[in-house]
Amino acid sequence: QVQLVESGGGLVQPGGSLRLSCAASRIDFQLWNVAWYRQAPGKQRDRVALITSNRNTNVADSVKGRFTISRDNDLKTVYLQMSSLKPEDTAIYYCNFPERPVSWGQGTQVTVSS
């Protein structure tokens, strides 16, 4: 069974930065597109960034210019570098494979507050 383990979240002030990691296991990681999602309290889970197996990337308009997605296939890990964080970025962040979704991990909490 594929497992996803997100980490790197925390409490950060507005304007700060964080780097999230998501490690996958039991999957041919390099074959699949991988995405980061987030879910704020009372809201639906939305995709914020995608990286294809060919390393093409796409980010949501709300985070464009602030978030960067990357991947390390040897480590089966996807990263989300977040900068210029805003309070509205506060959410639980998850990763998954858009074309072959697996069970969600526990996510990592990001809180942007002064």
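The values are calculated or read from the model by the stated rules, or taken from the named source; none is laboratory data. Just so it is clear, the structure is predicted and the values come from calculations on it, not from any experiment. Using ideal geometry, Cβ is built from the backbone for each residue, glycine included, and neighbour counts are taken over all protein chains shown. Just the protein is used for accessible areas: all its heavy atoms, side chains included, with ligands, DNA and RNA removed. Shrake-Rupley method; radii C 1.70, N 1.55, O 1.52, S 1.80 Å.
Tabulated results
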quantity: FRET efficiency, ARG45 to SER83 (Cβ-Cβ, R0 22 Å, nearest 0.05); calculated: 0.50
quantity: Dipole magnitude (debye, nearest 20) for the chain, charges at Cβ of Lys, Arg, Asp, Glu; calculated: 80 debye
quantity: Most mobile of LEU18, LEU75, LEU85 in a GNM of the chain (Cα contacts under 10 Å); calculated: LEU75
quantity: Per residue convex hull volume, Cα atoms of segment 1-41, in Å³; calculated: 106 Å³
quantity: Accessible area (Å², per residue) of segment 10-95, counting only protein heavy atoms and a probe of 1.4 Å; calculated: 52 Å²
quantity: Cross-link partners of LYS64 among lysines (Cα-Cα below 18 Å; sequence separation of 8 or more within a chain); calculated: LYS86
quantity: Set of aspartates and glutamates near LYS76 by C-alpha distance (under 14 Å), chain-local residues within fewer than 8 positions excluded; calculated: GLU6, ASP28
quantity: Semi-axis lengths, Å, the chain, gyration tensor of Cα atoms, sqrt of 5 times eigenvalues; calculated: 23, 14, 12
quantity: Rg over Rh [alpha-carbon atoms, Kirkwood Rh] for segment 69-114; calculated: 1.02
